[in-house]
Amino acid sequence: MAKYLLIESRDPFTSADVDAHWQLATSLAREGDTVTLFLVQNGVLPARLRARSHGLAELAGAGVEVLADEFSLRERGIAPTALVAGVRPAPIDVVVDLLAEGRKAFWH
Amino acid sequence: MADAKTLTFLLMDPPYEDARSTTAFRLLDAAARRGWHVNVFAYEGAVALPFAKQAPHANAVHGRSVEEENHPLPREWVRALMETARAYGGSLDWVNCGLCVDERGAGEAIEGVRRGSPADFWKMVEGADNTLVIPTR
């Protein structure tokens with residue numbers, strides 16, 4: 001099965017198409033593909049508990065690895081302890097490592 | 001470095017406009033610090049990132065001199081990324097889209113930046129382990 005790296009830089013409060021990106025991640029994971037969703041910039045905003053975070057929790061439940069950029073979290077004053085279950089803070093180095101691994105990468 | 005990877009990035013955003021440029025520079029830095037070979041194809045507004053005539057300025061509103069303002073210049077970040085890549089045993093090859101440069105009058109780039117065409121981007125993609133396109137909105 002294929003391995004994907006989806007990078008989400010937008011938040012669902014201002015970009016309605018974020019939901020479609022999340023659905024893409026879910027669909028790929030349910031097909032048996034390996035999927036990492038890396039949240040960066042305002043993409044980390046919904047990772048806060050109770051901030052439309054149920055969607056991200058569902059992604060994690062579907063088998064998507066959901067990571068939130070540590071720098072973007074710090075910029076926005078979001079503590080790692082404030083994240084919804086299933087979302088882990090990660091350095092941006094993860095992105096270059098997954099690219100080097102050959103993941104099919106898509107930036108939104 | 002025997003197992004050095006090669007990554008290609010396509011950037012499109014101009015300087016001082018969007019957080020995507022900051023994120024892109026962070027990705028380039030992370031790859032450079034691994035001693036990898038990094039290709040950048042700057043398209044559209046991104047050709048202004050290494051523009052040599054970017055100049056720092058004072059801030060009269062806040063009463064700060066040029067030195068106090070310490071205005072960030074993307075061209076210096078590009079230069080620093082090239083130096084970082086070399087220091088770690090890798091390389092950073094930056095190609096500016098020539099037509100995009102001409103349209104914007106941004107032909108004076110810092111040393112190390114090449115002029116090219118989308119054909120160069122294709123060659124970069126062909127020669128890389130992977131490619132990330134960071135599009136404008």
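The values are calculated or read from the model by the stated rules, or taken from the named source; none is laboratory data. Everything numeric here is computed off the predicted structure, so don't read it as measured data. Cβ sites come from the backbone with ideal geometry, for glycine too, and all protein chains shown count toward neighbours. Calculation scope for accessible area: heavy atoms of the full protein, side chains included, ligands and nucleic acids excluded. Shrake-Rupley method; radii C 1.70, N 1.55, O 1.52, S 1.80 Å.
Just the number, please: Stokes-Einstein D of the protein assembly as shown in µm²/s, Kirkwood Rh from C-alpha pairs, 4 °C, 1.567 mPa s. Roughly 68 µm²/s, to the nearest whole number. Compared with the dominant Cα axis of chain B, that is its longest principal axis, helix B:74-87 is turned about 40°. Ordered by 1.4 Å accessible area with all protein chains kept, A:Arg88, A:Arg50, A:Arg76 run largest first as A:Arg50, A:Arg88, A:Arg76.
The phi-based Karplus calculation (6.51 cos²θ - 1.76 cosθ + 1.60; θ = phi - 60°) puts the 3J(HN,Hα) values of region A:10-25 at 10, 10, x, 6, 10, 10, 5, 7, 4, 4, 5, 5, 5, 5, 4, 4 Hz, whole numbers, x for Gly and Pro.
For B:Ala52, the residues whose amide H sits under 5 Å from its own are B:Glu108, B:Ala109, B:Ile110, ignoring neighbours fewer than 5 places away on the same chain, with H placed 1.01 Å from N.
Of the residues B:Arg115, B:Arg64, B:Arg75, the one that moves most in a GNM of chain B with alpha-carbon contacts below 10 Å is B:Arg64.
Report, to the nearest 10°, how far helix B:118-127 tilts away from the longest principal axis of the Cα atoms in chain B, using its own Cα long axis and a range of 0 to 90°. In chain B, helix B:118-127 runs at an angle near 50 degrees to the longest axis.
Here the spin labels are modelled as points 7 Å beyond Cα on the Cα-Cβ line, and at A:His54 and B:His62 they lie 4.2 nm apart.
Computing Rg and the Kirkwood Rh from the Cα coordinates of chain A gives a ratio, Rg/Rh, of 0.93. Coupling constants for region A:71-83 follow from the phi torsions by the Karplus curve (6.51 cos²θ - 1.76 cosθ + 1.60, θ = phi - 60°), and in residue order they are 5, 5, 5, 5, 4, 9, x, 9, 6, x, 6, 8, 7 Hz; glycine and proline get x. Counting only protein heavy atoms and using a 1.4 Å probe, the accessible area of B:Met82 comes to about 10 Å². Placing B:Trp122, B:Trp94 in order of accessible area, with the largest value first and a 1.4 Å probe, yields B:Trp122, B:Trp94.
Modelled spin-label separation between B:Ala55 and A:Ala82, with each label point placed 7 Å from Cα along the Cα-to-Cβ direction: 4.2 nm. Averaged over the residues of B:126-132, the number of partner chain Cβ atoms lying within 10 Å of the residue Cβ comes to 4.
Amide H contacts under 5 Å for B:Leu132: B:Thr8, B:Phe9, B:Leu10, restricted to partners 5 or more places along the chain or on a different chain, H placed in the peptide plane at 1.01 Å from N.
The distance linking region B:74-137 with region A:41-96 is 30 Å (Cα centroid to Cα centroid, whole angstrom). Straight-line cross-link reach from B:Lys123 at under 17 Å between alpha-carbon atoms covers these lysines, not counting any fewer than eight positions away in the same chain: B:Lys5. Normalised Debye scattering of chain B at q = 0.09, 0.15, 0.16, 0.20 Å⁻¹ gives log10 I(q)/I(0) of -0.27, -0.71, -0.80, -1.17, counting only Cα atoms as equal scatterers and leaving out solvent.
For chain B, adding -39500 (n - 2.57) for each run of n ≥ 4 DSSP H residues and dividing by the number of residues yields -10500 deg cm²/dmol at 222 nm.
Per-residue Karplus couplings for region B:101-106, computed as 6.51 cos²θ - 1.76 cosθ + 1.60 with θ equal to phi - 60°, are listed in order as 5, 4, 4, 9, x, 10 Hz, Gly and Pro entered as x. Name the shape class, rounded, prolate or oblate, that the alpha-carbon gyration tensor gives for region B:24-97, where a ≥ b ≥ c are the square roots of its eigenvalues, rounded holds for a/c under 1.5, and otherwise prolate holds if a/b is larger than b/c and oblate otherwise. The shape class here is prolate. Would region B:72-137 count as rounded, prolate or oblate if I go by the C-alpha gyration tensor, calling it rounded below 1.5 in a/c and otherwise prolate when a/b exceeds b/c, oblate otherwise? It comes out oblate by the Cα gyration axes. Highest mobility in the GNM of chain B, judged by mean-square fluctuation with C-alpha springs under 10 Å and restricted to B:Glu83, B:Glu68, B:Glu44, is found for B:Glu68.
Of the whole protein surface, A:His21 contributes about 10 Å² of accessible area at a 1.4 Å probe radius.
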